[in-house]
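Worksheet: the structure to be examined is printed underneath.
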2 protein chains.
Amino acid sequence: MLSVEEARARILGGLAPTPAEAVALPEGWGRVLARPVIARLTQPPADVSAMDGYAVRAADAVLDARLAVVGSAPAGHPYAGRVGPGQAVRIFTGAFIPQGADAILLQEDAVAADGVVEVREAVRAGRWVRRRGLDFAEGEALIAPGRRLTARDVGLAAAANHPWLMVHRRPRIGILATGDEIALPGDPIPPGGIVSSNAHAIAAMVRAGGGDPLVLPIAPDDREAIAATAAAARACDLLVTTGGASVGDHDLIQTALGQDGFALDFWKIAMRPGKPLIWGRLGTTPVLGLPGNPVSAMVCAVQFLMPALAVLSGEPAAPPPTIQAHAGSALPENDKRFDHLRATLSRDRDGRVVATPFPQQDSSMLKTLARAEALILRAPYAPALPEGAAVEAIPLDRLGL
Amino acid sequence: MLSVEEARARILGGLAPTPAEAVALPEGWGRVLARPVIARLTQPPADVSAMDGYAVRAADAVLDARLAVVGSAPAGHPYAGRVGPGQAVRIFTGAFIPQGADAILLQEDAVAADGVVEVREAVRAGRWVRRRGLDFAEGEALIAPGRRLTARDVGLAAAANHPWLMVHRRPRIGILATGDEIALPGDPIPPGGIVSSNAHAIAAMVRAGGGDPLVLPIAPDDREAIAATAAAARACDLLVTTGGASVGDHDLIQTALGQDGFALDFWKIAMRPGKPLIWGRLGTTPVLGLPGNPVSAMVCAVQFLMPALAVLSGEPAAPPPTIQAHAGSALPENDKRFDHLRATLSRDRDGRVVATPFPQQDSSMLKTLARAEALILRAPYAPALPEGAAVEAIPLDRLGL
């Protein structure tokens, strides 16, 4: 049996990021940068005032000095002249410091009347002046490729004068649910059948990870149907199948896809819930086969699909992000399989995060998965832990998983 | 001066959630549920097998018993007959248990040949049977209104047979940047001007919060222009302005909007960065006026706009979510203003989260904001803290802020 880490490393090692596309700045949020954002200007573009007040020559602005107010410099309307000896210019936050001035007399430290301002607090040279380039300088690399852009990054790229951003194309992920027993929600349910939940849960995870899901029609457990539907996946960056991955079904998927040149690897992963995983290629398209059990499918998607989506999107290869928490109940010793305990999160009296596993962890219970806030990770052969012990957990609400 | 908590409570108290719309299941991800998801069927719909093996009568399946295999029940193809004494039916995970059978003999505990299966491990009644309704029962409320739907919720709603979901309409947020000195990225920059970064950063935050941003043309500092552009905001659930909120500008916005029946409240908030905030109504549209300084605008947006967006979206009123971290450096005593220190996050040797403030916190430094991973919260008059002390912080990467 393969470990979770080995399986993930093999999957991620076989993937390459999508090429770049040019998107308008407002479309950049949540996308992964493909080329660096370089500052196209210097910010601030000149020395500017950090406060409302008066631009003065510090040498003149001694206590009780009276300076002639010769003009005004609101933001966006620089004072064209020069501040000479004994002079001051009314100034506002963000406005360029006029020539000749070297400091700001704060509004609250001044009394103005009849074109004259009286200094009530002596001024130091350079005081309340934001230097040209304090934030960034033209040519400076501001945002590096591989970063998923936040709202703040969009603001920074705007300030650096970029109307366009070069980002990785959203990976298109084909999703193929197989099985005679499943029907789409609202469609007639065959005798002995159930409603398909995997395809749309996985599609939502793909959206959460910044991908573009393509839900294919359900394929019955029939060689021709699987092969025909899978052919539709050729335009995808990754094909995800669910179902058809138990021991008996293994040959069906392999044979059905084999006529399209499918090179399949069938892995038993030492994890729970999870069991078998298919990994291979259909022509050049990588194929990730998840189990048909909804809880197993989603836990495998968290461990393998989400990191794969990140790599396809241009982000660095990494395991799912975890948090440290304290066990809300005692945990038994673990067996040889890497375990994922569905848990709720809370805070204790000291503000520490507590992860409490649900008492029942049956892998068919989708409701428990939906209500979980985290998956407590239990390594193979992890020893029993008392309540309160430190545990690692994958927070599921992060990015809407 | 108003406290951050009072200001937020007043803002949230004046907002109501948007009405519901019907969206197709795949569009439900990230939306806020407006009506409960009630199970339309029972899951599993009958007693089903939890494993691959043989459906048997436990009374017969004693050690070394030999049972006649009379049929097969793959998932989706229930066995139509009845399991009689001395009989067994081949069964697969998820398949309905045939009538007469009351337990599963595991595949690995059986040896099958020539239509006969030999029991190598005695079977208990009920063993490896998942009872009808183990996951949920028809009529059960599965997902409550007010919840932002995760991928797992979409899966659960699908399994409960819902092709449609009733969710709150995305709040439409008008965004109006004012100022003679600002230009859109790539457009000609006026003398003494800078590139506008607030509108698109705030639009990205609105997207991150599940809203629908409407970026209005920049309004110059001119009464008519502000009034005309703001009129376009009548169709919005909230109008956000940036700039025009310093002491001198206050009258301009108030007068410009006043002719449209603007009832304005001008608040000084005891926070840093931040200073003044406008809150009022333009007809029936609530108006939130953020400062023009990009860092102040975004920190105010985190504290006031994001919670407002959540309430408009149908989520409960709440402050921004925080994490507990340990200070990465000593923190000085705080003054009367609630402070937000831009900080990076890391993990120490024990796996604990450490939040380390940037040495320079000048409110004009957008680059520092973009590189921050959290805002350390410092209450008014918070005492000095040594390195390692517990602090609360708002994680900014959550939801792409």
Practice prompt. With a Förster radius of 51 Å, plug the Cβ-Cβ distance of residue B:62 and residue A:268 into 1/(1 + (r/R0)^6) and report the FRET value to the nearest 0.05.
Written response: 0.95
Worksheet entry | Whether chain A is rounded, prolate or oblate, judged on the alpha carbon gyration tensor where a/c under 1.5 counts as rounded | prolate
Worksheet item: Going by the alpha-carbon gyration tensor, a ≥ b ≥ c the square roots of its eigenvalues, is the range B:48-130 rounded (a/c under 1.5) or, if a/c is not under 1.5, prolate (a/b greater than b/c) versus oblate?
Response: rounded
Practice prompt. With springs only between Cα atoms under 10 Å apart, run a GNM on chain B and tell me which of B:186, B:280, B:133 wobbles the most.
Written response: B:186
Item to complete: In nm, give the distance between the simple-model label positions of residue A:329 and residue A:382, each being 7 Å from the Cα along the Cα-to-Cβ direction.
Response: 1.5
Discussion item. Can you tell me how the range A:323-400 classifies by the Cα gyration tensor, rounded, prolate or oblate, using a/c under 1.5 as the rounded cut?
Written reply: oblate
Item to complete: For n ≥ 4 DSSP H runs only, could you compute -39500 (n - 2.57) per run for chain B, divide by its residues and tell me the 222 nm figure to the nearest 500?
Response: -5000 deg cm²/dmol
Worksheet item: Can you give the mean number of other chain Cβ atoms that lie within 10 Å of the Cβ atoms in peptide A:25-31?
Response: 5
Fill in: Using a Förster distance of 41 Å, the FRET efficiency for residue A:99-residue B:336 (Cβ separation, nearest 0.05)
0.65
Worksheet entry | Qualifying trypsin sites (Lys or Arg not before Pro) for the range B:54-159 [loop in DSSP, other Cβ within 10 Å: at most 14] | B:120, B:124, B:131
Discussion item. Connecting C-alpha atoms closer than 10 Å in a GNM of chain A, tell me which of A:63, A:366, A:312 has the biggest fluctuation.
Written reply: A:63
Worksheet item: Picking from A:51, A:306, A:205, which is most flexible by a Gaussian network model of chain A using Cα springs under 10 Å?
Response: A:51
Worksheet item: Roughly how tilted is helix A:198-208, in degrees to the nearest 10 and between 0 and 90, from the longest Cα axis of chain A?
Response: 20
Worksheet item: How many angstrom lie between the C-alpha centres of the range A:27-85 and the range A:153-192?
Response: 45
Worksheet entry | In nm, spacing of pseudo-spin labels at residue A:82 and residue B:38 (7 Å Cα→C-beta vector) | 8.2
Worksheet entry | Label point 7 Å beyond Cα along the C-beta direction, distances from residue B:349 to other copies (nm, shortest first) | 3.0
Worksheet item: Taking the Cβ of residue B:165 as the center, what net charge do the other residues with Cβ under 13 Å away carry, scoring Lys and Arg +1 and Asp and Glu -1?
Response: +3
Practice prompt. Give the nm distances, rounded to one decimal, from residue A:14 to the matching residue in every other copy, measuring between label points 7 Å along Cα toward the beta carbon; shortest first.
Written response: 5.8
Worksheet, complete the sentence: The summed charge of the residue A:77 Cβ neighbourhood (under 13 Å; Lys/Arg +1, Asp/Glu -1) stands at -3
Fill in: Under-18-angstrom lysine pairs by C-alpha in the protein assembly as shown, whenever the two are 8 or more apart or on separate chains
4
Worksheet entry | 7 Å along Cα→Cβ, label-point gaps from residue B:283 to other copies, nm, shortest first | 5.4
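Order B:187-193, B:267-273, A:155-161, A:355-361 from most to least packed using the mean count of other Cβ atoms within 10 Å.
A:155-161, B:267-273, A:355-361, B:187-193
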Discussion item. Need the C-alpha centroid separation for the range B:331-365 versus the range A:1-26, integer Å.
Written reply: 33
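Values in this text are rule-based calculations from the coordinates and carry no lab data. Only a predicted model underlies this, so the values are computations on that prediction, with no experimental measurement involved. Backbone-built Cβ (ideal geometry, glycine too); neighbour counts: all protein chains shown.
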